[in-house]
Structure formats: C-alpha cells, structure tokens
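What follows is one structure encoded as structure tokens, with my remarks underneath.
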Amino acid sequence: MKVIDSIAAHAASIAALRRDIHAHPELCFEEVRTAELVAGKLTEWGIPVHRGLGQTGVVGIVHGRDGGACGRALGLRADMDALPMQEFNTFAHASQHAGKMHACGHDGHTAMLLAAAQHLARHRDFDGTVYLIFQPAEEGGGGARVMIEDGLFERFPMEAVFGMHNWPGMPVGSFAVSPGPVMASSNEFKITIRGKGGHAALPHTGIDPVPIACQMVLAFQTIISRNKKPVDAGVISVTMIHAGEATNVVPDSCELQGTVRTFTLEVLDLIEQRMRQIAEHLCAAHGATCEFEFVRNYPPTVNAPAEAAFARRVMASIVGEGQVLEQEPTMGAEDFAYMLQAKPGAYCFIANGDGDHRALGHGGGPCTLHNPSYDFNDDLIPLGATYWVRLAQDWLGQARAGA
C-alpha cells in the first residue's frame, strides 16, 4: 500500500479534527460549526475559500504550480452533515449533542478531504485547479442539488467530479468502484384510502378501507414480479400502515406509506405509474377513493464508465489491482447523484473493515452505517487522502479529452 509519506505524517492531527467534528455533529443545513472549522483550516493552509453555496457549503480552490493557467480543473467532494439519532458510544469523542450523531462517517469523509487539501496546498505538484467541495445536507436535504442550483458548476467550472464513501464489511486497504448505477434512487409515497366508517358488527353498512389496503400492499409486489423486466432492479416497501382507533369500529380511512428504490428513471416511471393505477382502480372497485402522493427524492447514482475506469487505475496504483473490488450496487441512495447528472465522474467506496478498530463493549455495529454504535475508522484517513491526491494529480496530468 503506497500511502503518501507527508499525509501519513500529519494523519494524527487530521484524526483529531475528525474526532472534534464527531463530537459536535450538525444536521442538514445546520453545519455552521463544521463549515467554520473546514474554512478555517483551508485558509490556514493558504487555500482560498468560498462559502454559502447550499447555505452552509464550503468550496476550497487549490491552484497548481501554473496557478491554474492551463484551465483544467476537477472537483473532489465530501459531505459534512450528521444524522438525527442518539449515539450509544461512550468514548471521549462521542456526540455532545443529544439526538445528533455522525453515524454515517461524514466526519471521516470531511477529514480525508482536509488531509488531501493540506498536501495539495503544500506541494502543488500539478497543473490546473482542484476544487474541494465540502457539501452540506446529504442525509435527506439534497445539499448537492442545492449547491448546484446556487451555481456550483458555473462558478467553479470543472471537467469531472468524484465522491467517496466509507463502506462496512470490506477489508481495510481496499476500494470498490464500477461503471453504471451503484446506488439507487430514493422515493417516498403516501396513499390515503377513503372509505366509510361504521360499526365493526355491521360491515355491510360501510366501506372498509383496511382490506383494500391489504390487497393494495400485495398488488404492488406484482409490479416488481410481473410489470418490470426481471433483470431490472426495483424495490417497493410499504413500511407504515395507519388505520383505526377502536377494535369495534370500521375506520373511515387507512394510510399507507413507504419507499421505492430503482437504478433507472425508466423503471421508476413505470413503478410510479402502475402504483397509481392500482391504488385508484382498486379503491374504485370497492367503492372507495384514494389520495396518491409520490415524492421523488434522490435520483440513481450512476458512474460514468471512463471516470470509473480512471478511478480504478488510480486505486490499483496505491493498493494493488487485487484490492480494487467490484462495487456491488446497493439500494441505498446518495445525493452525489445530482452532481453525476451534471458532470461526468465516479462515486467509490473505501473499505471501513469489520470493526477491529473498536474496543470490545461498543455495541452491535462499529462499522455498520446509520448504527448508534458506529465510528469512522481513522486508519482510512491517510489512504483516502492519498487516493484524492493521486486522482487529482493523474487526472490533471492526462491529455485533455478531445485535444
């Protein structure tokens, strides 16, 4: 494993920053303290900083030895926000804010990009410009989309953009990247079935929404098994059903809520259309009505083939070809998808291990994302930062496409 020596030499100080961020988690669009810390460090290292994109976003600009005169540029992105959940850990850097926790490793993502920024600013052994994108509100706020709407790519024109996420279960010292869809779209639905309530002993006098809801849950699964192509991935999960207040009363209404995940917008279009048809026609068949709401959150995260292949070559030069794994697509969602819709690029995974970096007695999930016992593995900081630096150097050192 070829970690850059100067990055390894400063890893302890960057790890201390990571733990400080972990102890002071901030939710989406509230990352004021974190943004201040990031901007302060970038400024300390001589990196010009722009703030305010996406409300609390930070963009650092590192020009190479040519001062950026060649006009080439790429973006490296890290997310900064925490999750609204209570931390179970009791170590010294555990969350100091009840109900808020860095349970997804965004503190580590920020730290890895800071470590890369420090090295790039000190050495500047490249031509062109590296834009360091510290993004707010990945956890449901769509911070990437908001930064783009605020002019991210107009104000900081770049040829490509890359992102990285720590991933549990993979052996430390490995990466994973693949072309095509690697994370799913995230969408929510809410269906309210309107029937006619009455006495449970006299069901014939009303319209019971509960059996309609039961049929609807089952019918939705036929979309997955009979409407879409078997080779196309899609998931419909009804996760909430609410109806009734008494055992002897047929309720007036029943509410279904849940999520839909797909790897393509075409499959998403099909699922939304069929769900609406099933809901409306099934209700009509029983004399009921329904209100159908479908909200599209994050689109699929789709890696560009050329950029994914480039990232793989960089990874292999650091850890060896055998440690660069195929990136198994996951039905989790990621708002870096918005950036990949606007620019070519690739989103990769860096292995977070299986929890060996934690002492015993930590609970059930030292590496599992969104787990109250999670903690980022600080051993990843020099490796992740080395990847960022080598990626920037190699990308800006290659011939411009079409030149």
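The values are calculated or read from the model by the stated rules, or taken from the named source; none is laboratory data. These numbers come from a predicted model, not from an experiment. Cβ coordinates were reconstructed from backbone atoms using ideal geometry, including for glycine residues, and neighbour counts include every protein chain displayed.
Some values worked out for this structure:
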{"item": "Residue match in region 120-131 (condition: surrounded by fewer than 24 Cβ atoms within 10 Å (Cβ to Cβ), in the same structural domain as residue 377 (by TED's automatic domain parsing) and aliphatic (A, V, I, L, M))", "result": "yes"}
{"item": "Verdict on residue 37 being assigned by TED's automatic domain parsing to the domain that holds residue 387 and touching a residue at least 60 places away in the same chain (Cβ under 8 Å)", "result": "no"}
{"item": "Residue in region 292-305 that is over 25 Å from residue 4 (Cα atoms), out of contact with any strand residue (DSSP E or B) (no Cβ under 6 Å at 6 or more places or on another chain) and either outside any loop (DSSP other than H, G, I, E, B) or without any contact (Cβ under 8 Å) to a residue 40 or more places away in the chain (or both) present", "result": "yes"}
{"item": "For residue 85: the one exception among (1) part of a strand (DSSP E or B); (2) over 23 Å from residue 158 (Cβ atoms)", "result": "(1)"}
{"item": "Near pairs, Cβ below 9 angstrom, 6+ apart or cross-chain, from region 196-216 (in contact (Cβ under 8 Å) with a residue 24 or more places away in the chain) to any residue that is loosely packed, with under 13 Cβ neighbours inside 10 Å and of a type in the set (A, V, I, L, M)", "result": "200/246; 212/285"}
{"item": "Complete set of residues in region 195-216 that are touching a strand residue (DSSP E or B) at 6+ places or on another chain (Cβ under 6 Å) and surrounded by 15 or more Cβ atoms within 10 Å (Cβ to Cβ)", "result": "195, 196, 197, 198, 200, 206, 207, 208, 209, 210, 212, 213"}
{"item": "Test: residue in region 122-133 that is polar (S, T, N, Q) and over 18 Å from residue 301 (Cα atoms)", "result": "yes"}
{"item": "Any hit, region 351-372, residues being touching a Leu at 6+ places or on another chain (Cβ under 9 Å), buried (at least 22 other Cβ atoms within 10 Å of the Cβ) and either outside any loop (DSSP other than H, G, I, E, B) or at pLDDT 95 or above (or both)", "result": "yes"}
{"item": "Hey, residue 113 of a type outside the set (Val, Ile, Thr), crowded, with 24+ Cβ neighbours inside 10 Å, part of a strand (DSSP E or B) and assigned by TED's automatic domain parsing to the domain that holds residue 17 or not", "result": "no"}
{"item": "Region 132-142 - residue that is of a type outside the set (Gly, Ala, Ser) and touching a helix residue (DSSP H, G or I) at 6+ places or on another chain (Cβ under 6 Å) and, of those, surrounded by the fewest Cβ atoms within 10 Å (Cβ to Cβ)", "result": "132"}
{"item": "Cβ pairs under 7 Å, 6+ apart, first in region 260-287 and among the charged types (D, E, K, R), second part of a loop (DSSP other than H, G, I, E, B)", "result": "261/184; 261/185; 261/331"}
{"item": "Residues of region 132-150 classified as assigned to a helix (DSSP H, G or I) and either within 25 Å of residue 69 (Cα to Cα) or not assigned by TED's automatic domain parsing to the domain that holds residue 12 (or both), total", "result": "1"}
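Every residue, every condition in (1) surrounded by fewer than 22 Cβ atoms within 10 Å (Cβ to Cβ); (2) under 24 Å from residue 350 (Cβ atoms); (3) not aliphatic (A, V, I, L, M), yes or no:
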residue: 144; (1), (2), (3): no, yes, no
residue: 149; (1), (2), (3): yes, no, yes
residue: 155; (1), (2), (3): yes, no, yes
residue: 159; (1), (2), (3): yes, yes, yes
residue: 162; (1), (2), (3): no, yes, yes
residue: 166; (1), (2), (3): no, yes, yes
residue: 182; (1), (2), (3): no, yes, no
residue: 190; (1), (2), (3): yes, no, yes
